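> Got a structure here, written out as structure tokens. Questions coming.
Read-outs: derived from the displayed coordinates by stated rules, not from any lab. Predicted, not measured: the structure shown is a model, and the values here were computed from it. Because the Cβ atoms are built from the backbone with ideal geometry, glycine has one as well, and the counts that use them run over all protein chains shown.
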Amino acid sequence: MSASGARPAEDEEILSIVDDQDRVIGEARRDRIHADGLRHRAVHVLIFNSVGEVFLQKRGLHKKENPGQWDSSVAGHVDAGETYDACSVREVREEVGLVLDAVPSRLFKLAASELTGMEFAWVYRVDTDQPLTPNLEEMSGGEWFALERLEAKLAEANDDISEVFRLIWETYRPILHTSA
């Protein structure tokens, strides 16, 4: 946050740089971290409703990573000095207007790789029937997907779903089916 209380422009956000064990070794602006391919931290949150649908965001066309593609319900970078858990709560509030009274359930952690944009990412789950209000400065919209519809969309040969979300869903699918 800036002195005025507003968040800095996306490229100016200060993020932690981490090593291959996800230990903080420094910090830099987001644009430099991405340009230099440095490891850093992110969160993804999957939001489900009581009928088992998952909310996906349609990324804004102005986004540098995966513009216009379907992605996790909520996704964002962990700010320098912020924890993964605090970031998950903040991002859910900022991106879909949902105020959580507790940290969401952690599902699994992705290792930093080319596919993740060099991000270590914790993936969380939220279950709610509260209305979501997509922040149209962050995304171009969102939609609830029945799991059958999502699976059919993932099976299509197109590029309207982000590769990171495909990885998340492939990792989550076995967990989802064992808990159902």
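> Sort Glu95, Glu53 so the one with the fewest other Cβ atoms within 10 Å of its own Cβ comes first. Please report the intermediate quantities before stating the final value.
On the way: Glu95 24, Glu53 16.
Ordered from fewest to most neighbouring Cβ atoms within 10 Å, Glu95, Glu53 come out as Glu53, Glu95.
> Which order do peptides 147-160, 108-121 fall in by mean Cβ count within 10 Å, highest first?
Descending packing order for the listed peptides: 108-121, 147-160.
> If the only charges are +1 at each Lys and Arg Cβ and -1 at each Asp and Glu Cβ, what is the size of the charge dipole of segment 10-179 around the Cα centre, to the nearest 20 debye? Spell out each step's value before the answer.
Values: 19 positive and 34 negative charges, 60 e Å.
In debye, rounded to 20, segment 10-179 gives about 300.
> Sequence gap at least 6, Cα distance under 8 Å: using those rules, report the relative contact order of the chain to the nearest whole percent.
Working: 333 pairs, mean separation 41.8, N = 180.
Here the relative contact order equals 23 percent.
> Where does helix 163-179 land angle-wise versus the long Cα axis of the chain, in degrees 0 to 90, nearest 10?
50 degrees
> Using helices alone, what [θ] at 222 nm do you get for the chain, with -39,500 (n - 2.57) per DSSP H run of 4 or more residues, divided over all residues and rounded to the nearest 500?
-8000 deg cm²/dmol
> I would also like to ask the following. Just order 17-26, 135-144 by mean Cβ neighbour count inside 10 Å, highest at the front, would you?
135-144, 17-26
> Right, next: In nm, what is the difference between 0.36 nm times the number of residues separating Glu94 and Asp11 and their Cα-Cα distance? List each step's numbers first, then the result.
Values: separation 83, 0.36 × 83 = 29.88 nm, distance 1.71 nm.
Between Glu94 and Asp11, full extension yields 28.2 nm more.
> Once amide H atoms are built 1.01 Å from N in the peptide plane, which residues 5 or more positions from Gly142, or in another chain, come under 5 Å H to H?
Lys58
> If I stretch the segment between Ser50 and Lys63 completely, what's the gain in nm (0.36 nm per residue apart, minus their alpha carbon distance), one decimal?
Answer, rounded to one decimal: 1.6 nm.
> Okay, moving on. Scan around Val126 for amide H atoms under 5 Å from its own, H built in the peptide plane at 1.01 Å from N, and keep only partners 5 or more places away or cross-chain.
It is Leu46, Ile47, Phe48, by chain and number.
> Which percent, to the nearest 5, of DSSP beta bridges fully inside segment 10-179 are antiparallel?
70 percent
> Please list, in chain and number order, the residues 5+ apart from Glu27 or on another chain whose amide H is under 5 Å from its amide H, with Hs placed from the backbone.
Residues meeting the amide H criterion: Ile17.
> Give me Rg over Rh for segment 59-127, both radii from the alpha carbons and Rh done the Kirkwood way, two decimal places.
0.95
> Hey, what does the equivalent ellipsoid look like for the chain, semi-axes from the Cα gyration tensor as sqrt of 5 times each eigenvalue, largest first, whole Å?
Output for the chain: semi-axes of 25, 18, 16 Å.
> In addition: What are the ³J(HN,Hα) values, in whole Hz, obtained from phi via the Karplus relation 6.51 cos²θ - 1.76 cosθ + 1.60 with θ = phi - 60°, for each residue of segment 136-152 in sequence order, with x given for Gly and Pro?
Karplus-based 3J(HN,Hα) across segment 136-152 equals 6, 7, 9, 9, 8, x, x, 7, 7, 10, 5, 4, 5, 5, 4, 4, 5 Hz.
> Pop a pseudo-label 7 angstrom from the Cα along the beta-carbon direction at both Asp19 and Ser140 and give the gap in nm to one decimal.
4.2 nm
> Can you tell me the 0 to 90 degree angle between the C-alpha axis of helix 84-96 and the longest principal axis of the chain, rounded to 10?
Tilt of helix 84-96: around 60 degrees.
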